[in-house]
């Protein structure tokens, strides 16, 4: 009995000592965290000063995601013998020149993905990879400073698909107006005079027109985090059916060296593309802009990222 009592007393003393030691260590850790936060704050302030310096600023980051699988005699599913896979990647790059009187900002955004399902019991099925996500956007913005935050500017932006229907459709915006740059990483383009060239084999659906162009872009690198969001809108003066907008977002967090986790998603609204799909893919020959169910276009990619 005495032995058991001594054991229990020793156990509770050990717990008390451990708890006290843990509290002491946490108390010592608290000011260290404050010091780390203060150092990081100074580093961020210095980085902001570096970003504000004139000259070229270059950068790129991307996301890679994918999986492969193989099934043999897996009878619980409809295709018991198959191999499948999907792979996708995004790439974001920029080359920006900033001088005292002018700036020149260039950006590239891509998102490509492929998927396959090979039914080994069907010799006639397609056993190759099929393109599923296809996004390509290239822009160039030049501006002459009017004040610290405003500039007279000209924009050239090209958007298309590459893997399946290159330049069918393709969109080329050329316009002039003003650019607002309230902070280093945010650029808002407001161009009331813009022409939207539309390239397509079927010119009965797609039509070029004059309109207003608005672009908002925020690109930020903060420690291990890379983030980019871009909203590109065209409002046609001829008809709302010819207007369109695309919103893309890319996020990556570096876990080890240049490797991390990345997430990308995009939204788009384009009546011309929706009508083309309804008529030429679904076979709705009597479809018009008035009867069209213009659903929101979306995509997302989650996977490993690599910061260049």
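Just so you know, all these numbers are worked out from the coordinates, no wet-lab data involved. The structure displayed is predicted, hence computed values, not measured ones. Reconstructed Cβ throughout: ideal geometry from the backbone, glycine too, with neighbour counts over all protein chains shown.
Remarks
- Gain upon complete extension [residue 140, residue 120; 0.36 nm per residue less C-alpha separation]: 2.4 nm
- Inter-part distance where segment 269-303 and segment 120-172 are each reduced to a Cα centre, Å: 18 Å
- Difference of contour (0.36 nm per residue) and Cα-Cα distance, residue 108 to residue 201: 31.0 nm
- In terms of other Cβ atoms within 10 Å, 168, 203 run from fewest to most in the order 203, 168.
- In a fully extended conformation the segment linking residue 258 and residue 294 would gain 8.9 nm over its present Cα-Cα distance, using 0.36 nm per residue.
- The ranking of 242, 68 from fewest to most other beta carbons within 10 Å of each one's beta carbon is 68, 242.
- Computed from the alpha carbon positions, the gyration tensor of segment 56-307 leads to an equivalent ellipsoid with semi-axes of 36, 27, 12 Å, biggest first.
- 306, 253 arranged by Cβ crowding within 10 Å, fewest neighbours leading: 253, 306
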